[in-house]
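Before any comments, here is the structure.
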Amino acid sequence: MEVHFLDVGNTKYGDCILITHDGKSILVDGGHPGDSPIILRQLKKILKKNPPYVIDLLIVTHCHSDHIGCLPALIKMGDIEPQYALLADPEYGFAEQGFSMEDRATHLADSPRATFFSLLAEEDHTDMNNEELELFIEDVAKLSDKYREMYESLPNVSFFRGVDKMDGSIENKFADFGLKIIGPTHEHLIICKNLLEQSADAAISEDSPMFSDELDRSKMMEAYRSIVGKIKEDAFVAGLEDRPGPGAAKNNQSIVFSVGDNTKGAKTLLAGDMQLAKAEVSGLNTDMDSLIESIFQLIPFDVVKLSHHTSYNGISEALFSRWIENQTTLFIHTGGKNDATHPDTKVLQFLKKQNRKINFLRTDRNGLISIIPKAGGQLEVLPAKGRPNDFTPNIPDDTITEQVQPANKISEAPPGGSIGSSALTTVSEKNGGPATNEISASDSFVEVKAKIPHSSTRVTITIDIDPEKKKSEKAVVDYPPLPPATSDRFNKLLFVTSSKGLAKNIGESEAGNVINLIKDNFRAPLVDLPYPTTIQEAVVLVQQRIRDCKGIVLVGGYDIVPSEPLDVLTPKQRKNIELEGYKIKDSDNFIVWSDDCYADLDNDSLPEYPISRIPDGKDAALIFNSLNASLSNPESKFGIRNVARPFAKQVFDSIPGFSKDFKVSETAISEHLDQEMAKGAVYLMLHGSDFDGTKFWGEEENGYLLEAINIEKIPKNTAGSVIFTGSCWGH
């Protein structure tokens, strides 16, 4: 049985866990509402196939936005297909609205008052800027409706109303996972439900016009910041670090369960956001004590996910000491990076005191964390990046300052066994050698390359050049002179290529000249990839070196430095399009190729650094001319867009340079263009072709294509020009 703690990106809070065993799977929670891309990417990596993914059991621990997350969207689009579901009961989880789910669907679907009540029951999001907060409010406004639509679409749904109300059928059906529902009890849930029903009326006046059904978004943000600020101030005066109340009531409804045992893999405790250390709900302490004792009756655990994103109210030093005394030494924190209060700084301090006895990993620093059983009862812990036992607190917007280290795996003692400092072995994931804290610029990648398992990438570009012609031309190529050595222009750019791949395409001596040009004349850091290599292996090697740089330059085609194929369609959309016969109309079958993954450090599908590629074209002169191009400072700019892309005007306006107008392809056609116009900063947003790279097309309102620009309209000498293009193919 494998347990995977998924990376939930930057947004604060969030849980998503996948458990797999003998071809079956359990998915626990769904991160944030906007996490579909990052979740799907990791599911593909773990399950090694494209969606849809059949999920044998879906568990939603409680009704907070950062746990329901993107599950409604993934299910609606057919990306995941749960066969069974154990869900937090919406009648309890959304009780703060004062209506049943059916009543809300009928009467309160768009009620600002209902939305505001729900906001108060969520975690604190007052530190968001207005744009982020407005989006969060929109998500919360639709959360209960989306949850209802989700569970109404699922087969075999069971609502959790307390461990004492369960008949054991779910546990029996998933006994091969060692599934054990631990709590909470029905009475425990009722106490929380009652607080949710009472909390909104206690916070705001029912007859206040400020909270009427005409409350708009801006006033709602203002009111939310004001009221939550007052609650937090009162909590601070009372000596509390977090705000108690409706949010705590929802946390404490979390389903607490375990999976695994000594024969099925790591025995893992998953408690959602249960506030085991401080319930902060009046009347719940006795029930919480009973739940904690029920948990410790099942010791030892090999893995404990620290509850409530490692908050002070989720884990205390006393509880932590009990775990260690009972042979638990692997602790996992889950949550997004931009969260200055989780993990809690005091919790990090007492975790750090035991750093010789424990392994602490965190999705905000280590990304995807996979726990894999090995022969002999050993466990292997594979973080996607970083080092174990990083006890540094988060800072707001720390995605730039975070120090990413090479990923390591951790070999552990057998499940249930004690892991002390002598039993723990940390090894390099790729070469099996001793781990180091950092990789210096002088480190050789030769040994790493020799040790990384690889296979040929399926991503290739074939350029149809007569090989005999290429051989004959190589001897007479007039290469430009090398520029003088400099440390100013390129020293903050990270170059990425493969010397072996380049040698195959342009010749060994030419490839050596390219490498020397980058290393000696540019004095720039260089990642020399194995050849061939996979996109996954290449990304790891590049991201190990990127932190001290300001951008990435890939040198070579896709066969040398692989690119990531991205399917722009969901499975449902693809099925509909293929049924409608459109597949043959799209030459790349709706797949696009992206280099962004090399500079995407937080797996949110957006690069944190600028990235560019110089293709080799199997022509050494092309690479040398590109690398030796003079600096550009265009005074003029030129652009054409097709009539169906009006958004391109905003892009064009942001490009520096002088231009009288931005041409539209419906009226601007190639035969009317002056050749000298396409100089300076050139921006094209047009249609391209997979079989003809000499021209681009626009279109008329009726969709009829017309030639907008061709190679004859490009000046023979465009030194200093920069081309920006959103055109497909041929650019």
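What follows draws every value from the coordinates through simple rules; no lab data is involved. Please read all numbers here as calculations on a predicted model, not as lab measurements. In this analysis, Cβ positions are derived from the backbone assuming ideal geometry, glycine residues included, and neighbour counts consider all displayed protein chains.
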Next item on the list: Would you mind computing, in nm to one decimal, how far apart the modelled labels at LYS575 and LYS352 are, each placed 7 Å from Cα along Cα→Cβ?
Entry: 5.2
Check: Ranked from highest to lowest mean number of other Cβ atoms within 10 Å per residue, what is the order of the peptides 128-138, 679-689?
Finding: 679-689, 128-138
Note to self: 7 Å from Cα along Cα→Cβ at both SER316 and LEU298: what's the point-to-point distance in nm?
What the structure shows: 2.2
Notebook entry, point to check: Efficiency by 1/(1 + (r/R0)^6): what FRET value for GLU380 and ASP661, r their Cβ-Cβ distance, R0 = 51 Å, to the nearest 0.05?
Noted result: 0.25
Notebook entry, point to check: Which of HIS64, HIS186 comes first, and how do the rest follow, when ranked by fewest Cβ neighbours within 10 Å?
Noted result: HIS186, HIS64
Check: Where a ≥ b ≥ c are the square roots of the eigenvalues of the C-alpha gyration tensor, would you call the range 528-661 rounded, which needs a/c under 1.5, or, failing that, prolate if a/b is larger than b/c, or oblate?
Finding: oblate
Next item on the list: For each pair in LYS49/LYS500; LYS500/LYS618; LYS550/LYS663; LYS24/LYS267, compute the distance between the two Cα atoms and list the pairs where it is over 22 Å.
Entry: LYS49/LYS500; LYS550/LYS663
Check: With a 10 Å Cβ neighbour count serving as the proxy for reagent exposure, in which order, fewest first, do ASP124, ASP339, ASP661, ASP29 appear?
Finding: ASP661, ASP124, ASP339, ASP29
Notebook entry, point to check: By how many nm would the segment from SER654 to GLN536 grow when fully extended, if each residue of separation counts as 0.36 nm and the alpha-carbon distance is taken off?
Noted result: 39.1 nm
Notebook entry, point to check: Quick one: which of LYS173/LYS193; LYS76/LYS165; LYS264/LYS305; LYS180/LYS346 span more than 21 angstrom between C-alpha atoms?
Noted result: LYS173/LYS193; LYS76/LYS165; LYS180/LYS346
Notebook entry, point to check: Taking the mean number of other Cβ atoms within 10 Å as a proxy for protection, how do you rank 302-312, 613-623 from highest to lowest?
Noted result: 302-312, 613-623
Next item on the list: Report the full-extension gain for the segment ILE723 to VAL592: residue separation times 0.36 nm, less the Cα-Cα distance, to one decimal in nm.
Entry: 45.2 nm
Next item on the list: Compute the distance in nm between two label points, each set 7 Å from the Cα along the Cα-to-Cβ direction, one at ALA629 and one at ALA340.
Entry: 4.2
Margin query: I need the calculated FRET efficiency for the pair SER282 and LYS76, taking r as the beta carbon distance and R₀ as 35 Å, to the nearest 0.05.
Written below: 0.35
Next item on the list: Report the extension gain between ASP22 and THR694 in nm, rounded to one decimal, defined as 0.36 nm multiplied by the number of residues separating them, less their alpha carbon distance.
Entry: 236.7 nm
Next item on the list: Neighbouring Cβ atoms within 10 Å as the yardstick, rank LYS146, LYS519, LYS49, LYS12 fewest first.
Entry: LYS49, LYS519, LYS146, LYS12
